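S.K.: Please read through the structure below; I'll follow up with questions.
Where a number appears in this text, it was derived from the coordinates with a stated rule and is not lab data. What you see is a predicted model, and the numbers here were worked out from it, not measured in a lab. Cβ sites come from the backbone with ideal geometry, for glycine too, and all protein chains shown count toward neighbours.
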Amino acid sequence: MKYVDEFRDRDKAAALATEIEKLACSIEGGSTPIHIMEVCGGHTHSIFRYGVEELLPARIELIHGPGCPVCVLPMGRVDDCVAIAEQPNVIFTTFGDAMRVPGSRKSLMQARAEGADVRMVYSPMDALALARAHPDREVVFFGLGFETTMPATALTILQADREAIDNFTVFCNHITIIPTIKAILDSPDVRIDAFLGPGHVSMVIGSAPYDFIARHYRRPLVIAGFEPLDVLQSIWMVLKQIKEGRCEIENQYARVAAAGGNVAALQAIARVYELRPFFEWRGLGSIDHSGVRLRPEYARFDAERRYAIPNARIADPKACQCGEVLKGVLKPWQCKVFGTSCTPQTPAGALMVSSEGACAAYYQYSSAKQRTGARG
Amino acid sequence: MGKTHIRPQRVLGKLQVATVTLAHGGGGKAMKDLIDDVFVAAFDNSDLAPMEDQARLDLGMLAAAGDRLAFTTDAVVVDPLFFPGGDIGKLAVCGTINDLAVGGAIPLYLSCAAIIEEGTSVELLRKVAQSMAHSAQLAGVRIVTGDTKVVPRGACDKLFITASGLGVIPKGVQLNAHAARPGDVVLVNGLLGEHGAAILAARGEMALDCTIESDCAPLHELVAALLARAPGVRCLRDATRGGIATVLNEIAQASHVGIEIDEAQCPMREQVRGFCEILGLDPLYLANEGKLVAIVAPEDADAALTALQAHPLGAEARIVGRVTELEPGRVVMRTLLGGHRIVDMLVGEQLPRIC
């Protein structure tokens, strides 16, 4: 595949790995680990799918960040989804991987099995098309994700507004990554030396919003693409900054993410959403200004206003240590319940939920030997 | 000389309506008309013609072909019923044949039952029955008995088909999932993931324009050619639901061996790869309906590959991996990048990723 295979080349990967090794050895501190957090779940997925960690020197430890929107969805919000989906006459539409996320009572998949009309869509526009095709039904779209998916939901609402479609609403759970990175950096036990920045979020928001990470927190960040060579090159760029004592925001993914972001997408976001005072994250708790809701001008498209939803806060199971894993304090397999009461079949914690979650990825893709060896 | 059998002549019923109703499941004349006009007319063969409640098969003929019977059953539900490269009828026939073939059996007879939703068009049923008859004829098997039921609207999705198959395993053929040994090679007979991708694309929910065709095909001739040339074949499995990832896991567990496959060697059509990239699906888990996994003793690896490649259904055959002593029960993939990852069984169905 053009523009894809080039970024998965075995020989180039080996050459990059050699350069990374050399650079890592030349950074002072001997064998003290260098902790690099990849913020985005897409990176986590790619790192495991291609076995990238195996190519890295032992000194480099990747910390798998909070950027998997499906994972960080709190249980209470899933319960709200189920409650809406179970209303009579509702067609509840969602991205595929949100189907299996457990609520406190059931997942959307279980709700569907019990008779709720839950449908998988690939784009919010597909949900709007359903609303057009079924004027006698209420179509609700489950708006989920970071700035990557936020504009598509906003543009769909603007389109519904233009067409005056009144049987379409959005259950808005869009979240924003910057306050969460800040919250992680502010926590006292954080162990992160540098970041790989989320490529597709950056495609929308540009690079300026990350400036505080370099300026205030003195951590380098490289906006990274998602193919394995992108990830390797970004790690090399981060190490180069560390070696040279720089803390800058650099962009490895310039072929997709422009420095200024996407103006049209940003305009749509600004027009449709406003920041919530706070939003609950699974595994991390409540974080100020980390979620968005629809502006009052678009209230008629807001499922939260149209439906009575339970809006209950459900605490994460006590044994879960997702927060520690997200901050890099623990490795997934060091969590008390990893692989025992928390597995992909029965996820107790956020990070076991989606294939982009760090724990699910470890469980799925890394060998038993690696796991037990690392644990011992 | 034996005497000539004179079979009772039966006047076939004729359907007068365009749509199936509950009356066609009622056991009366309407049902006879449906069975005669749609199914018997299409499956027409001498074993079916007497219309007894059971097919009667000649033991002597079966015993001459081998020393064991192979018997299997398959339930086929698919949406849409017609898709590029096949339909539910072809799928039922080929799927059942393939379940026999990977046991080394020569498939001979099929039994088919259709569960029909009230309101289904007779024309649709005719097409499916003709497709079944055509597929069976091409494969040299006979549909010798069957059943139909009509259920109220909503009790099934248009049409479900179950098929059972009977075959004979020739003397000496021993294929077992627990027979894989370290050092054996792993082969596939062609491009992976096409049926799964074709069905997902044909549903139209993903609004992706593509022309991926299902690989639905009967594999028994390919298997016969393979076994004739490569006696060191230890195990065959058709890689249907769950894809080759699932089949390899089953073999690794049954044989208590590790299996390592090489991502770079897994043959895939460009369109299928692209389809999976866009939706965030892993093609190793996509269903195939004309693909098998073969575990072959190392000394017969080349012979097996040559035999597969010499057949039209194996032209793209490849060695994709090998059986190892490491991590018994696990399948590991050497990635394109040169790293490794576990290829585990799926938890549930694959779901498209958000971004």
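S.K.: Give the shape of the protein assembly as shown as rounded, prolate or oblate, defined through the alpha-carbon gyration tensor: a ≥ b ≥ c are the square roots of its eigenvalues, a/c under 1.5 means rounded, and otherwise the shape is prolate if a/b is larger than b/c and oblate if not.
M.R.: It comes out oblate by the Cα gyration axes.
S.K.: Could you tell me which of rounded, prolate or oblate describes chain B, using a ≥ b ≥ c as the square roots of the eigenvalues of the alpha-carbon gyration tensor, with rounded for a/c under 1.5 and, failing that, prolate when a/b is larger than b/c and oblate otherwise?
M.R.: Oblate, since a/c reaches 1.5 and b/c is not below a/b.
S.K.: Could you check how many percent of all C-alpha pairs in region B:66-109 are farther apart than 15 Å?
M.R.: 45 percent
S.K.: In debye, nearest 20: dipole of region B:177-342 around its Cα centre with unit charges on the Cβ of K, R (+) and D, E (-)?
M.R.: Using Cβ point charges on Lys, Arg, Asp and Glu, region B:177-342 gives about 280 debye.
S.K.: Once both axes come from the Cα atoms, what is the angle between helix B:270-279 and the longest principal axis of chain B, in degrees from 0 to 90, rounded to 10?
M.R.: Helix B:270-279 and the main axis of chain B meet at about 90 degrees.
S.K.: Taking the Cα centre of region A:207-309 as origin and charging only Cβ (+1 Lys, Arg; -1 Asp, Glu), how large is the dipole, in debye to the nearest 20?
M.R.: Dipole about the Cα centre, nearest 20: 140 debye.
S.K.: Residue-wise, which Karplus ³J(HN,Hα) couplings in Hz belong to region A:264-273, taking 6.51 cos²θ - 1.76 cosθ + 1.60, θ = phi - 60°, and x for glycine or proline?
M.R.: With the stated coefficients, region A:264-273 comes to 4, 5, 5, 5, 4, 4, 5, 6, 9, 10 Hz.
S.K.: Can you tell me the orientation of helix B:122-139 relative to chain B, as the angle in degrees between its alpha-carbon axis and the longest Cα principal axis, to the nearest 10?
M.R.: Approximately 60 degrees, to the nearest 10.
S.K.: What are the extents of the Cα atoms of region A:117-165 along their three principal axes, listed from largest to smallest and rounded to whole Å?
M.R.: Here the spans come out as 32, 26, 12 Å, largest first.
S.K.: Still on this model: Please arrange A:S26, A:S354 by how many other C-beta atoms lie within 10 Å of their C-beta, fewest to most.
M.R.: Taking fewest neighbouring Cβ atoms as first place, the list is A:S26, A:S354.
S.K.: Please work out whether region B:177-342 counts as rounded, prolate or oblate from its C-alpha gyration tensor, where a ≥ b ≥ c are the square roots of the eigenvalues and a/c under 1.5 means rounded, while otherwise a/b larger than b/c means prolate and anything else oblate?
M.R.: oblate
S.K.: Taking the DSSP beta bridges in region A:218-346 as the whole, what percent of them are antiparallel, to the nearest 5?
M.R.: 65 percent
S.K.: Can you list residues from other chains, or at least 5 along the same chain, whose modelled amide H is less than 5 Å from the amide H of B:I143?
M.R.: Close amide H contacts, sequence-distant or interchain: B:L110.
S.K.: Hey, fewest Cβ within 10 Å first, where do B:L59, A:L326, B:L138 land in order?
M.R.: B:L59, B:L138, A:L326
S.K.: If you restrict to DSSP beta bridges whose two residues both lie in region B:22-169, what percentage is antiparallel, to the nearest 5?
M.R.: 70 percent
S.K.: Report the charge-dipole magnitude of the protein assembly as shown in Debye, nearest 20, computed about the Cα centre from +1 at each Lys and Arg Cβ and -1 at each Asp and Glu Cβ.
M.R.: 800 debye
S.K.: For an R0 of 51 angstrom, estimate the FRET efficiency from the Cβ-Cβ distance between A:T343 and A:R271 and round to the nearest 0.05.
M.R.: 0.75
S.K.: Could you compute the FRET efficiency for A:C25 and A:Q159, with r as their C-beta to C-beta distance and R0 at 60 Å, rounded to 0.05?
M.R.: 0.65
S.K.: Around A:V121, what is the net charge, scoring Lys/Arg as +1 and Asp/Glu as -1 over all other residues with Cβ under 14 Å from its Cβ?
M.R.: Cβ neighbours under 14 Å give a net charge of +1.
S.K.: Taking GluC sites (Glu not before Pro) as exposed when DSSP calls them loop (any state but H, G, I, E, B) and at most 16 other Cβ atoms lie within 10 Å, what is the longest stretch of chain B free of them, the sites themselves excluded?
M.R.: Formally, the longest exposed-site-free interval is B:53-204.
S.K.: Starting from region A:1-43, pick out the trypsin sites (Lys or Arg not before Pro) whose DSSP state is loop and whose Cβ has at most 15 other Cβ atoms within 10 Å.
M.R.: A:K2
S.K.: Set the Förster distance to 41 Å, then compute FRET efficiency between B:K171 and A:A15 from the Cβ-Cβ distance, nearest 0.05.
M.R.: Efficiency for this residue pair is about 0.15.
S.K.: Among DSSP beta bridges whose residues both lie in chain A, state the antiparallel percentage, nearest 5.
M.R.: Around 20 percent of the beta bridges assigned by DSSP in chain A are antiparallel ones.
S.K.: Have a look at A:F141, A:P102, A:W236 and report the one farthest towards the positive end of the charge dipole of chain A, computed about the Cα centre with Cβ charges (Lys/Arg +1, Asp/Glu -1).
M.R.: A:P102
S.K.: Turning to a different aspect of this structure: Nearest 500 deg cm²/dmol is fine: what mean residue ellipticity at 222 nm does the protein assembly as shown get from its DSSP H runs of n ≥ 4 alone, each adding -39,500 (n - 2.57), divided by its residue count?
M.R.: When only DSSP H runs of four or more count, the value is -9500 deg cm²/dmol.
S.K.: Considering the options B:L286, B:L219, B:G274, tell which one lies farthest towards the positive end of the dipole of chain B, charges being +1 on Lys and Arg and -1 on Asp and Glu at the Cβ, about the Cα centre.
M.R.: Going by the charge dipole, the pick is B:L219.
S.K.: Another one. What order do you get for A:M237, A:M150 when you list them from fewest to most C-beta neighbours inside 10 Å?
M.R.: The order, fewest Cβ neighbours first, is A:M237, A:M150.
S.K.: Could I ask something else about it? Taking region A:25-91, which GluC sites (Glu not before Pro) meet the DSSP loop condition and have no more than 15 other C-beta atoms within 10 Å?
M.R.: Filter output for region A:25-91: A:E28.
S.K.: Can you run phi through the Karplus equation (6.51, -1.76, 1.60; θ = phi - 60°) for region A:310-315 and list ³J(HN,Hα) in whole Hz, with x for Gly and Pro?
M.R.: Calculated HN-Hα couplings, in order: x, 6, 8, 8, 10, 5 Hz.
S.K.: Out of all Cα-Cα pairs in chain A, roughly what percent, to the nearest whole number, are more than 40 Å apart?
M.R.: Distances greater than 40 Å cover 14 percent of the Cα pairs.
S.K.: Also: Using θ = phi - 60° and the Karplus form 6.51 cos²θ - 1.76 cosθ + 1.60, what ³J(HN,Hα) does each residue of region A:351-363 get, whole Hz, x for Gly and Pro?
M.R.: Those phi angles translate into 6, 9, 6, 9, 5, 8, x, 4, 5, 4, 5, 4, 4 Hz.
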